[in-house]
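> The structure that follows is given in the form of structure tokens.
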Ligand code: FES
């Protein structure tokens, strides 16, 4: 009859075992956290911003074949009327966010900050702006214009 061998685990090896478990757990958690941050960087979660319809006056308020710059709670807006059709743009310069000004003599929008120039349709003519002015959806309902814009309170959809 054989007797079972005495346990090989000593106090020193038990301490090593626990230290390795703690070290291994910390390493796994640290690498997991790092991987999570890396994935978050690669695939950022951008919350959808709620769009709201903002009343923007009546079509008669805009001069025929002209432009009207209005300040709405969600930001400055350009209303342009051509051939009895109304178009809307954000009046926020796509360079660094200044409000563009209408210059009727040149039929251009000029940004006073760095002299960015846009044409009547919001396209960049010259200067540092990287993109045209943002087009906004405008609808006419019951004689009233409504512009679809980001919620002024930054609400999310
Ligand atoms: Fe408009 Fe720079 S902010 S050109």
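The values are calculated or read from the model by the stated rules, or taken from the named source; none is laboratory data. What you see is a predicted model; the values in this text were computed from it and never measured. We place every Cβ from the backbone using ideal geometry, glycine too, and count neighbours over all the protein chains shown.
> Can you tell me which residues in segment 85-97 are closer than 23 Å to residue 57 by Cβ and within 10 Å of the ligand (Cβ to nearest atom)?
Residues satisfying the conditions are 92, 93.
> Any residue at all in segment 44-57 that's within 16 Å of the ligand (Cβ to nearest atom), over 18 Å from residue 149 (Cα atoms) and free of Cβ contacts under 8 Å to residues at least 40 places away in the same chain?
no
> Please determine, by comparing only the residues of segment 63-84 that are touching a helix residue (DSSP H, G or I) at 6+ places or on another chain (Cβ under 9 Å) and under 14 Å from residue 120 (Cα atoms), which one is farthest from the ligand (Cβ to nearest atom).
This residue is 81.
> Separate question: In segment 69-95, how many are in a strand (DSSP E or B) and either in contact (Cβ under 8 Å) with a residue 12 or more places away in the chain or closer than 24 Å to residue 130 by Cα (or both)?
Going through segment 69-95 one residue at a time, the tally reaches 18.
> Having 2 or more residues that are out of contact with any helix residue (DSSP H, G or I) (no Cβ under 7 Å at 6 or more places or on another chain) and in contact (Cβ under 8 Å) with a residue 24 or more places away in the chain is the bar; report the strands (runs of 3 or more DSSP E) wholly within segment 96-157 that clear it.
Per the criteria, 101-103, 138-141, 144-150.
> Continuing with this model, one more query. Could you check residue 74 against (1) assigned by TED's automatic domain parsing to the domain that holds residue 129; (2) surrounded by fewer than 17 Cβ atoms within 10 Å (Cβ to Cβ) and say which number it fails?
(2)
> Looking only at segment 26-62, count every residue that is part of a loop (DSSP other than H, G, I, E, B), at pLDDT below 90 and closer than 30 Å to residue 79 by Cα and tell me the total.
4
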